[in-house]
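**Q** Shown below is the structure under consideration.
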Amino acid sequence: MFERMFCETRTDLLAYLLRRSPKPEDAADALAETYLIAWAKRDALPGGEQARLWLFGVARNVVLQGAHRRRFRSALAERLADELRSAGAQEPVTDDERVDTLREALGALSARDREIVTLTAWEGLTPKQIAIAMGTSANAVRIRLHRARVQLLREIDPVGSPPKPEERVGVDCEAGIP
């Protein structure tokens, strides 16, 4: 039954999702998520034309959730940029510039550090919760989060950022001797 429903509805659902998604990749992801939900509920699916309509309802909800997530991420990126900038004075910039600057700064982080920063800032998780989710210690999360924040500040405001270890007075980085 599920395979037949998939074959009968996939073209219409994809067309529906393509018209409502900002990028074709988003539509493809939404289609996959729609069928994943349908698969999980396959024992309770309505029959016939009702199944098709039910799928359109699921697809609609997936698109709405995706739009909500994109708005939420954008708002959180702006909030994180504001928080990072509040640590030091800087010239006023436009919102677009701030979002672009933050995206670039986040892109400069390692994937693991970027995940820790976003789980903290965007998801509101504590270091202990992040440690559980990432399979590491809370102390390691705290250390990585501190280092990532310092790196973000350097990327966003290189003039007002704390000096890099090799820039500190009295440190010979080549010899490793203070």
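The values are calculated or read from the model by the stated rules, or taken from the named source; none is laboratory data. What you see is a predicted model; the values in this text were computed from it and never measured. So basically every Cβ, Gly included, is an ideal-geometry build from the backbone, and we count neighbours across all protein chains shown.
**Q** Which ones in region 1-10 are exposed (fewer than 11 other Cβ atoms within 10 Å of the Cβ) and of a type in the set (A, V, I, L, M, F, W, C)?
**A** Within region 1-10, Met1, Cys7 meet the criteria.
**Q** Among (1) of a type in the set (Val, Ile, Thr); (2) at pLDDT 85 or above; (3) touching a Leu at 6+ places or on another chain (Cβ under 6 Å), which single condition is Ile156 missing?
**A** Only one criterion is unmet by Ile156, namely (2).
**Q** So in region 11-53, with the set limited to residues that are surrounded by 14 or more Cβ atoms within 10 Å (Cβ to Cβ), without any contact (Cβ under 8 Å) to a residue 24 or more places away in the chain and more than 21 Å from the chain's Cα centre (by Cα), which one is nearest to Leu64 (Cα to Cα)?
**A** Filtering region 11-53 for residues that are surrounded by 14 or more Cβ atoms within 10 Å (Cβ to Cβ), without any contact (Cβ under 8 Å) to a residue 24 or more places away in the chain and more than 21 Å from the chain's Cα centre (by Cα), the one nearest to Leu64 (Cα to Cα) comes out as Leu18.
**Q** Restricting attention to region 102-132, which residues are of a type in the set (Phe, Trp, Tyr) and modelled with pLDDT of 85 or more?
**A** Listed by number, the list is empty, since nothing qualifies.
**Q** Please specify each residue of region 136-159 satisfying the condition of being assigned to a helix (DSSP H, G or I) and within 16 Å of Ala81 (Cα to Cα).
**A** Once the filter is applied, which keeps residues that are assigned to a helix (DSSP H, G or I) and within 16 Å of Ala81 (Cα to Cα), region 136-159 yields Leu145, His146, Ala148, Arg149, Val150, Gln151, Leu152, Leu153, Arg154, Glu155, Ile156.
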